[in-house]
Amino acid sequence: MKKIFKIILIILVTILLIFKIGKWTGILQNFSITSSSNEPTLNVGDWVFGTNLIKPKRFDFILYEPTENEIANGTWTHRLCGIENDTILIKNGVLFVNGTNVDQNLKLKHSYKTSFNKLNEIKEKIEINEYNYYPINKDSIIIQLTEKEAKKFAVVNRFYKMEIDNEIQKIYKKEWNEDNFGPLIIPKDYFFVLGDNRNYSMDSRFLGLVPTKNLKGKLILK
């Protein structure tokens, strides 16, 4: 019995050391998702793994340190949507990279306008967290849904931001917003990231381009 206990203890200690060394070196990184910015692909509470041994490609989820400011610190994860010399354009909420609509191949969440009654109907069928909707008047709300969910509940009114976003204008010196952004050519030694929950994500639109030196790895397991 003591021998079995020792073997189990050795195995557990070995696993712990592997994770500690892996996290310290970046070879094997692991953490729990705490933000809804990448829903529906990555959900709050998901346990994910990453590594710095594999070079990420466009549209992989990457691990990175955002540019320094008062709201961004630590290691973040978003989808890599633009690398050096890429032209980024978001038009009416749709992402184009080098002139190609890339959103058509991704499962994303977007903003839709609907009624409180419809919200109650949706909440009876699927789980909707409070951070995924907000009221705009006494009768209507804005809710974040996938295209499939919107079709299922006959929610047809996509909601687009029309006004200039002050934070985006401050960073890029352009009269853009989260749904109409660019064209922007990504300069050398920088990359551009977006969250899959497009209207509920603090990403390169609001935090600026990320230096390539801040790249920490890519996600390999969810």
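The values are calculated or read from the model by the stated rules, or taken from the named source; none is laboratory data. Just so it is clear, the model here is predicted, and its values are computed rather than measured. As a convention, Cβ positions derive from the backbone with ideal geometry for all residues, glycine included, and neighbour counts pool all protein chains shown.
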For the range 196-222, which positions are surrounded by 17 or more Cβ atoms within 10 Å (Cβ to Cβ), assigned to a loop (DSSP other than H, G, I, E, B) and in contact with a Leu (Cβ under 9 Å, 6 or more places away or on another chain)? 196, 198, 201, 203, 209
Which ones in the range 158-174 are among the aliphatic types (A, V, I, L, M) and farther than 29 Å from residue 114 by Cα? 171
Does residue 94 qualify as being in contact with an Asp or Glu (Cβ under 9 Å, 6 or more places away or on another chain) and surrounded by 14 or more Cβ atoms within 10 Å (Cβ to Cβ)? yes
Some residue of the range 64-77 being assigned to a loop (DSSP other than H, G, I, E, B), among the hydrophobic types (A, V, I, L, M, F, W, C) and at pLDDT below 65: yes
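Each row is one residue, and each column tells you yes or no for (1) of a type in the set (Asp, Glu); (2) surrounded by 12 or more Cβ atoms within 10 Å (Cβ to Cβ); (3) closer than 17 Å to residue 144 by Cβ.
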{"site": "32", "(1), (2), (3)": "no, no, no"}
{"site": "42", "(1), (2), (3)": "no, yes, yes"}
{"site": "55", "(1), (2), (3)": "no, no, no"}
{"site": "59", "(1), (2), (3)": "no, yes, no"}
{"site": "63", "(1), (2), (3)": "no, yes, no"}
Can you tell me how many residues in the range 153-167 are assigned to a helix (DSSP H, G or I) and not polar (S, T, N, Q)? 1
For the range 91-118, enumerate the residues that are part of a helix (DSSP H, G or I) and among the aromatic types (Phe, Trp, Tyr). 116
Quick count over the range 119-147, residues being assigned to a helix (DSSP H, G or I) and either modelled with pLDDT of 95 or more or not basic (Lys, Arg) (or both), is 9
Selection count, the range 151-196, where residues are aliphatic (A, V, I, L, M) and more than 20 Å from the chain's Cα centre (by Cα): 6
All but one of (1) farther than 23 Å from residue 194 by Cα; (2) touching a strand residue (DSSP E or B) at 6+ places or on another chain (Cβ under 8 Å); (3) not in a strand (DSSP E or B) hold for residue 150, so report the exception by its number. (1)
Looking at 113, 138 in this structure, which one is touching a Phe, Trp or Tyr at 6+ places or on another chain (Cβ under 9 Å) and either surrounded by 11 or more Cβ atoms within 10 Å (Cβ to Cβ) or aliphatic (A, V, I, L, M) (or both)? 113
Out of 177, 166, 137, report the one residue that is within 21 Å of residue 81 (Cβ to Cβ) and either in contact with an Asp or Glu (Cβ under 7 Å, 6 or more places away or on another chain) or without any contact (Cβ under 8 Å) to a residue 12 or more places away in the chain (or both). 177
